[in-house]
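Structure first, then comments.
Each value in this text was obtained by applying a stated rule to the coordinates, not by laboratory testing. Note that the structure is predicted; figures quoted are calculated from it, not measured. Every residue, glycine as well, gets a Cβ built from its backbone with ideal geometry; the counts of neighbours run over all protein chains shown.
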Amino acid sequence: MDAAHCYLEGNADAVEFCPHEPYSNLLAASTYTLQEGDLPSRSGSVYLFDVEHSRLNLLHKVDDTTGVFDIRWSHVGVGSLALAQADADGCLRVYKVDDTEVDKGYSLREVAGEKISSSMCLYLDWDYQSSTSIVVGLSDGSASVVSFTDSNLETVQEWKGHDFEVWTASFDLNNPSLVYTGSDDCKFSCWDIRDSPGDNRVFQNSKAHTMGVCCVSPSPSDPYSVFTGSYDETLRVWDTRSVSRPVNEISVSLGGGVWRIKHHPSVSGVVLAACMHNGFAVVKVGGGEGEVMERYDKHESLAYGADWYKGKDEKRSLVATCSFYDKLLRLWTPETAFEL
């Protein structure tokens with residue numbers, strides 16, 4: 001069921017609900033627009049919305065940025081709450097939520113910004129235990145781990161583990177020393193970052209994905225399950241108990257290329273997938289199999305951004321999705337009934 005929608009001023013590519021009370025009504029969205037020509041340029045914005053009563057109320061917009069590839073709220077909340085941005089200029093930026101402007105409500109205030117690479121920053125993830133480290137996937141096949149303390153960003157590790165763009169990089173939920181990466185070279189890899197990660201590859205699978213790996217998403221309810229999505233239109237679930245050789249135990253064909261996978265905040269095994277050319281899908285996995293529970297095709301362009309509302313006061317699941325060329329951001333509620 002559709003709840004609300006609006007059009008952004010640039011090509012919409014990422015959405016992220018804040019996972020922490022009392023900020024769970026905050027939704028961040030970002031854009032990436034390429035101006036082609038003799039002197040091509042990239043521009044982007046970060047939006048902050050209030051979604052109370054399932055409406056989209058714009059609170060603040062950050063314009064002074066190049067094209068934004070990814071945004072992510074920190075996993076540690078309230079006093080340490082931060083929103084990080086990865087952009088096309090190779091910059092990593094971190095914002096804090098400010099509520100001093102009474103008339104406008106919350107706003108975003110940049111507290112740190114650092115050019116970490118001459119390549120583009122494509123994806124980012126915070127470590128799950130302290131949110132003091134950020135891993136970034138880069139367009140030259142490298143990944144970087146950046147420390148964030150006292151509003152300072154400092155690159156502490158960088159290694160080239162892939163031949164092409166690293167579309168995704170994620171920390172393991174239980175072991176902050178392990179980082180997963182996925183790349184346009186079709187490889188799904190895991191690295192130990194405690195010392196020279198380029199020399200400490202835990203595993204690399206180059207056979208399962210027949211096209212580039214777009215996303216890697218560890219399961220918050222199962223410490224041994226990691227989900228991957230690929231341009232080859234398949235969602236895969238991996239069992240990592242055999243760390244050096246994980247087993248692909250479930251594969252679900254979703255069509256269109258699986259760009260993002262977001263886990264339901266309270267229902268184990270239910271994920272929301274952005275399927276690029278095939279809209280959005282709610283998928284249930286478990287018992288060695290997976291099934292598509294619901295499709296959402298109200299967008300008319302590339303399905304890129306997707307996330308679940310994480311507030312505790314929502315009786316039904318609320319979802320935010322965005323699509324690229326039509327610049328559309330939507331709020332909707334799945335028709336599927338979940339056992340909470």
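Projected label points at Ser206 and Glu289, each 7 Å from Cα along the beta carbon direction, are separated by 3.5 nanometres. From the Cα gyration tensor of the range 223-340, with a ≥ b ≥ c the square roots of its eigenvalues, which class applies: rounded if a/c is under 1.5, or else prolate if a/b is larger than b/c, or else oblate? Here the range 223-340 falls in the oblate category.
Oblate is the label for the range 3-90, because a/c, from the alpha-carbon gyration tensor with a ≥ b ≥ c as root eigenvalues, is 1.5 or above and a/b does not exceed b/c.
Peptide packing: for 11-24, 242-255, the average count of neighbouring Cβ atoms within 10 Å per residue gives the ranking 11-24, 242-255, highest mean first. Compared with the alpha-carbon gap, the fully stretched path from Thr155 to Ser221 is longer by 20.7 nm at 0.36 nm per residue. With 32 Å as the limit on Cα-Cα distance, the pairs of Lys61/Lys312; Lys207/Lys312; Lys160/Lys298; Lys96/Lys187 that go past it are Lys207/Lys312; Lys160/Lys298; Lys96/Lys187. Sorting 125-134, 205-214 by their mean Cβ neighbour count within 10 Å, with the most densely packed peptide first, gives 125-134, 205-214. Anisotropy class assigned to the chain is rounded, per the alpha carbon gyration tensor with a/c under the 1.5 cut-off.
If the chain linking Asn175 and Glu52 were pulled fully straight, counting 0.36 nm for each residue of separation and taking away their Cα-Cα distance, it would gain 40.8 nm. Averaging the Cα positions of each part gives two centres, and for the range 183-224 and the range 1-58 these lie 28 Å apart.
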